[in-house]
Amino acid sequence: MNIKNISIVLTVLLVFIAAMVLMQKGNYVDQATEHYNKTTEASFKGGKKILEYVNNSVDVNKLVWAMACEAIQTVKTSQDMAKLESKYFPTTKGSNSIANKTRRFEATSAYFIVSSFDKVDVDKKTDLKTLSGLNSIDVNALMGEATVAQEEPEGEEEEEFEE
């Protein structure tokens with residue numbers, strides 16, 4: 001073989017290799033773009049979900065604070081509190097503890113308030129027990145100082161009111 005043939009073969013081989021490299025480069029760019037789109041889309045969706053959870057949590061906290069503030073001003077009995085709870089959270093009900101003279105309302109497990117009352121009133125006709133004389137509302141959970149939830153002694157009755 002002479003030098004002319006070798007140089008033609010090498011030139012053709014070089015052009016072939018260059019074409020192959022450029023084709024592969026395009027494929028790598030497509031793969032990288034596809035991977036980038038998948039990962040950023042997943043990250044965006046995850047970030048969006050986190051923002052939804054945070055916004056929902058803020059909304060619940062805001063509503064429970066509003067309910068607690070209105071309760072301090074207007075509530076006299078546990079039935080008044082039940083009506084107020086259904087105004088702010090129609091699907092969630094609180095529960096009375098007649099033994100502890102408290103009413104507990106949990107919007108979520110992290111956002112709850114406990115209302116303390118002075119006495120237990122009994123309706124003579126229906127024998128229904130209600131709490132009256134609002135003492136205080138414990139909002140420690142709303143301030144991030146939640147202690148262990150007040151547990152009811154076993155065997156105690158919890159009464160729920162439907163208004």
Pick from region 102-119 the residues that are free of Cβ contacts under 8 Å to residues at least 24 places away in the same chain and under 12 Å from residue 76 (Cα atoms): which of them is most open to solvent (accessible area, probe 1.4 Å)? 119
Can you tell me which residues in region 68-120 are in contact with a strand residue (DSSP E or B) (Cβ under 6 Å, 6 or more places away or on another chain) and among the polar types (S, T, N, Q)? 77, 78, 79, 95, 96, 102, 115, 116
Count of residues meeting criterion [open to solvent by less than 90 Å² (accessible area, probe 1.4 Å), among the aliphatic types (A, V, I, L, M) and outside any helix (DSSP H, G or I)] in region 1-22: 0
Qualifying position, being over 19 Å from residue 114 (Cα atoms), among the acidic types (Asp, Glu) and without any contact (Cβ under 8 Å) to a residue 24 or more places away in the chain, among 70, 34: 34
Region 81-101, residues that are touching a residue at least 40 places away in the same chain (Cβ under 8 Å) and either open to solvent by 10 Å² or more (accessible area, probe 1.4 Å) or farther than 19 Å from residue 128 by Cα (or both): 83, 86, 93, 95, 98, 99, 100
Elements of type strands (runs of 3 or more DSSP E) in region 48-163, at least 3 residues being modelled with pLDDT under 90 and more than 28 Å from the chain's Cα centre (by Cα): 112-122, 129-138
Given the criteria part of a helix (DSSP H, G or I), more than 30 Å from residue 95 (Cα to Cα) and either modelled with pLDDT under 90 or open to solvent by 90 Å² or more (accessible area, probe 1.4 Å) (or both), does residue 25 qualify? yes
On the basis of being without any contact (Cβ under 8 Å) to a residue 24 or more places away in the chain and part of a loop (DSSP other than H, G, I, E, B), does residue 39 make the cut? no
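The values are calculated or read from the model by the stated rules, or taken from the named source; none is laboratory data. All values reported here derive from a predicted model rather than from experimental measurement. Cβ coordinates were reconstructed from backbone atoms using ideal geometry, including for glycine residues, and neighbour counts include every protein chain displayed. Each accessible area value is taken on the protein alone, full model and side chains, heavy atoms only, with ligands, DNA and RNA left out. Shrake-Rupley method; radii C 1.70, N 1.55, O 1.52, S 1.80 Å.
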